[in-house]
Amino acid sequence: MDHSVGEFEERQGRVAFVQSCWHREIVDQCRDAFLTEIGGRGVGAERVDLFEVTGAFEIPLHAKRLAESGRYDAVVAAGLVVDGGIYRHEFVAEAVIDGLMRVQLDTDVPVFSAVLTPHHFHEHAEHERFFHDHFEVKGREVARACADTVASLARLPVAA
């Protein structure tokens with residue numbers, strides 16, 4: 001039995017979805033797929049607050065503030081960190097992912113990452129089409145992980 005659908009709906013939980021605006025036409029696919037999938041799990045769009053930041057580097061601080069607000073059962077992050085050829089994108093990718101993990105552990109609010117960091121992304125039709133489609137898949141996956149984890153955490157005993 002899938003407990004995540006009923007339990008998340010029963011609790012009327014809220015989710016914050018933070019996305020970067022770089023490569024918006026690709027990252028928007030994650031947001032749209034997330035909203036569709038999480039809606040199918042009993043969490044309507046009215047319970048998902050959407051936030052935009054300039055780039056992925058800005059996501060962890062927003063996630064932290066949102067998690068600390070006490071308003072959200074979960075925070076979801078989406079972005080695309082690419083090698084722009086001028087600097088090495090690994091330091092941005094590592095900072096974002098480490099930052100999101102730290103937010104989760106420091107606030108006790110689950111944080112989910114759909115921040116993708118491909119080694120080779122080139123702005124041409126083939127890669128844009130691939131990542132456009134891939135972000136739809138990631139949106140559905142992160143919605144399932146979010147609903148399942150929030151429901152699972154709700155069943156755990158709370159520390160005194």
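No lab work stands behind these numbers, since they all come straight from the coordinates. If you're wondering where the values come from, they're calculated on a predicted model, not measured in any experiment. Virtual Cβ from ideal backbone geometry, glycine too; neighbours counted across all protein chains shown.
For this structure, a couple of remarks:
- Nitroxide proxy distance, nm - points 7 Å out along Cα→Cβ at ASP108 and ALA45: 3.4 nm
- Applying 0.36 nm per residue to the separation of ALA159 and GLU52 and subtracting their alpha-carbon distance, the gain on full extension is 35.2 nm.
- Full-extension gain in nm, THR36 to ARG24, via 0.36 nm per residue minus C-alpha separation: 2.5 nm
- From least to most packed, judged by other beta carbons within 10 angstrom and beginning with the fewest, ARG155, ARG41, ARG47 follow the order ARG155, ARG47, ARG41.
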